[in-house]
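**Q** Here it is: the structure, laid out below.
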Amino acid sequence: MVDQTIKKRALHRMKILAGQLEGLMRSLEKEDYCTSLLHQSYSIQNSLKSLDKLLLENHLNSHVKHQMQDPKQQDKAIQELIEVYTSSHR
């Protein structure tokens, strides 16, 4: 289940990301200065981190909270969080 407020914020963030990617492609096509391209790329990465935070917030508030209340689901919740953590630190 997705918190509707978080969903709205995540979709907004994704639209911003789409615009940032388009802008970076235009800048690359125009052969803008390398550091300008890097700054744009870093901004996109920060926006992705912001999106990740929203998605994780939703997962913790909906799924993990409920899983931790059910002893049969606790191991699954812990394993999912370990997988997310591992993926984010590659």
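**Q** Would you mention how many residues in the range 54-66 are aliphatic (A, V, I, L, M) and open to solvent by 80 Å² or more (accessible area, probe 1.4 Å)?
**A** 1
**Q** Take the residues in the range 1-53 that are among the β-branched types (Val, Ile, Thr) and part of a helix (DSSP H, G or I), then tell me which one is most open to solvent (accessible area, probe 1.4 Å).
**A** THR5
**Q** Going through LYS76, LYS49 one at a time, which residue ends up being within 25 Å of LYS15 (Cα to Cα) and among the charged types (D, E, K, R)?
**A** LYS49
**Q** Might you check whether a residue that is basic (Lys, Arg), in contact with a Leu (Cβ under 7 Å, 6 or more places away or on another chain) and surrounded by 11 or more Cβ atoms within 10 Å (Cβ to Cβ) occurs anywhere in the range 67-88?
**A** No, the range 67-88 has no match at all.
The values are calculated or read from the model by the stated rules, or taken from the named source; none is laboratory data. Owing to the predicted nature of the structure, the values given are computational and were not obtained by experimental measurement. Cβ atoms come from the backbone with ideal geometry, glycine included; neighbour counts cover every protein chain shown. Side chains included, ligands, DNA and RNA excluded: accessible areas come from the protein's heavy atoms. Shrake-Rupley method; radii C 1.70, N 1.55, O 1.52, S 1.80 Å.
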